[in-house]
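**Student:** Structure in structure tokens, see below.
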Amino acid sequence: MELFEGSIVPAFEKPQRAELIRQRINEVHLGPIVNASEFPLRFATAVHDLRMVAFIENAYTEWEQLGRTGGAIPYSFLARGCCCNAVPVSLDGRLAYYTFDVATPVTRTSWQAVKGSVDTALTAAKLLHDGERAAFALCRPPGHHAGTDYYGGYCFLNNAAIAVNAIVEEGSQRVAVLDIDYHHGNGTQEIFYRRDDVLFVSIHADPTHEFPFFSGHADEAGASDGEGFNLNFPLPAGTGWKVWSEALGNALSRIAAYGPDVLVVSLGVDTYHGDPISHFLLGQEDFIRLGKRIASLQRPTLFVMEGGYAVDELGINVVNVLTGYEGA
Ligand code: SP5
Ligand code: ZN
């Protein structure tokens, strides 16, 4: 369940999403499906605060011990200008500290899914490392809203960022992230904001009007060593393929100029015109074009699943990107 426009509604980010994508992959015989291997948690704690990771792992147990039902969810939030940066002791205090929205409850099965989602991204990264030209990590829950020490937007740990960091640790000098989810990848941006070995490029809804509201503006260009290695393309509600693909052209030019060893695509298809919570107007065929355009970079490519909530067309839209890429 999720709080949406003042009412409690069924969650948009639901288990069925992954099943439908998997079904469509089978239908079109996209390629072999590989189960995720388990990786040590140090890959996650290399980009996230260890205490937050432990918190997510244990929050539901603590919640239950307080006799509560539903999911562990905050009723209060950390506000700017506060005078104390200490992590509170109580569970409600820690929820207020680490969570930035009310749509990302920790439930009984969350940790298993969160850890599995991270392992999925790392397994796909390993396939690239072992020589595959491209791999798709069917991650669920998504990850790009999760930052160093905060989570929200249906995301707990940042699957794409964890994979990127692992790829750099394996010896890549330069990794580019292309985030094409409808929402700005605030967590990924923050994690790599001061680094020049990871270029972050994102095309998304203008944060002056859309979640996550506090990052994704065009003037956010990176800081210190990372200055010039962060590039945002905020676009207005109602953007269709023509304007969106112009931004994509500019994004791809910047990535080509960077010359990454590996490209990681944070793949959200909530840019679809039928998406129930988003306001871009891409069509099913546009996702094929998009996949082709990404392939034109000719870099080893890791696709990591993020958002997309029009479940009836979700499998088609995601797999269209991948077949567009494969067919190019
Ligand atoms: C991974 C991902 O796509 N996360 C998205 C989280 C979005 N949560 C905010 C949803 C609010 C939708 N507001 C819709 C306004 C309709 N006019
Ligand atoms: Zn999204």
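The values are calculated or read from the model by the stated rules, or taken from the named source; none is laboratory data. Predicted model, so just to flag it, every value in this text is computed and none were measured. Glycine also receives a Cβ, built like all others from the backbone with ideal geometry; neighbour counts cover every protein chain displayed.
**Student:** So which pairs qualify, if the first residue must be in the stretch 36-58 and farther than 22 Å from Thr107 by Cβ, the second must be assigned to a helix (DSSP H, G or I) and of a type in the set (S, T, N, Q), the Cβ gap must be under 7 Å, and the two must be at least 6 apart or on different chains?
**Tutor:** Between residues of the stretch 36-58 that are farther than 22 Å from Thr107 by Cβ and residues that are assigned to a helix (DSSP H, G or I) and of a type in the set (S, T, N, Q), the close pairs are Ser37/Thr123; Ala46/Asn165; Val47/Asn165.
**Student:** Within the stretch 184-193, which residues are within 14 Å of ligand 2 (Cβ to nearest atom) and hydroxyl-bearing (Ser, Thr, Tyr)?
**Tutor:** Thr188
**Student:** Restricting attention to the stretch 2-17, and to residues there that are touching a residue at least 60 places away in the same chain (Cβ under 8 Å) and of a type in the set (A, V, I, L, M), which single residue is surrounded by the most Cβ atoms within 10 Å (Cβ to Cβ)?
**Tutor:** The selected residue is Ala11.
**Student:** Now a separate question. Could you figure out which of (1) under 27 Å from Val102 (Cβ atoms); (2) in contact with a helix residue (DSSP H, G or I) (Cβ under 6 Å, 6 or more places away or on another chain) isn't true of Leu199?
**Tutor:** (1)
**Student:** Moving on. So is Leu95 hydrophobic (A, V, I, L, M, F, W, C) and farther than 22 Å from Phe12 by Cβ or not?
**Tutor:** no
**Student:** Which of the strands (runs of 3 or more DSSP E) found entirely inside the stretch 230-328 contain at least 3 residues meeting this: touching a strand residue (DSSP E or B) at 6+ places or on another chain (Cβ under 9 Å), within 14 Å of ligand 2 (Cβ to nearest atom) and touching a residue at least 24 places away in the same chain (Cβ under 8 Å)?
**Tutor:** 262-267
**Student:** Still on this structure, please answer the following. Looking at the stretch 161-180, I want the residues that are more than 21 Å from Gly268 (Cα to Cα) and have a partner that is of a type in the set (Gly, Ala, Ser) and in a loop (DSSP other than H, G, I, E, B) with Cβ atoms under 9 Å, at least 6 apart or on another chain. Which pairs are those?
**Tutor:** Ala166/Ala46; Glu169/Ala46; Arg174/Gly259
**Student:** On to the next question. Report the residue count in the stretch 50-84 for those that are surrounded by 13 or more Cβ atoms within 10 Å (Cβ to Cβ), closer than 15 Å to Tyr97 by Cα and among the basic types (Lys, Arg).
**Tutor:** Of the residues in the stretch 50-84, 1 are surrounded by 13 or more Cβ atoms within 10 Å (Cβ to Cβ), closer than 15 Å to Tyr97 by Cα and among the basic types (Lys, Arg).
**Student:** Could you list all residues from the stretch 258-286 that are within 18 Å of Ser202 (Cα to Cα) and away from ligand 1 (no atom under 16 Å from the Cβ)?
**Tutor:** Listed by number, the residues that qualify are Tyr258, Gly259, Pro260, Val262, Leu263, Asp286.
**Student:** Continuing with the same structure: Of everything in the stretch 201-210, what is within 16 Å of ligand 1 (Cβ to nearest atom) and either under 20 Å from Asn317 (Cβ atoms) or surrounded by 22 or more Cβ atoms within 10 Å (Cβ to Cβ) (or both)? Give them in sequence order.
**Tutor:** Across the stretch 201-210, the qualifying residues are Ser202, Ile203, His204, Ala205, Glu210.
**Student:** Give the stretch 148-183 a look and list any residue that's closer than 16 Å to Ala103 by Cβ, within 16 Å of ligand 2 (Cβ to nearest atom) and either in a helix (DSSP H, G or I) or of a type outside the set (A, V, I, L, M, F, W, C) (or both), or say none.
**Tutor:** Tyr151, Gly152, Gly153, Tyr154, Asp181, Tyr182, His183
**Student:** Return only the number of the condition from (1) of a type outside the set (Gly, Ala, Ser); (2) under 27 Å from Glu169 (Cα atoms); (3) touching a helix residue (DSSP H, G or I) at 6+ places or on another chain (Cβ under 9 Å) that Gln16 does not satisfy.
**Tutor:** (2)
**Student:** Within the group Asp206, Asp181, Asp149, Asp219, which residue is at pLDDT 95 or above, under 16 Å from the mean Cα position of the chain (by Cα), under 23 Å from Pro236 (Cα atoms) and acidic (Asp, Glu)?
**Tutor:** Asp181
**Student:** Taking the conditions exactly as written (over 19 Å from Cys155 (Cβ atoms), hydrophobic (A, V, I, L, M, F, W, C) and touching a strand residue (DSSP E or B) at 6+ places or on another chain (Cβ under 7 Å)), does Leu66 satisfy them or not?
**Tutor:** no
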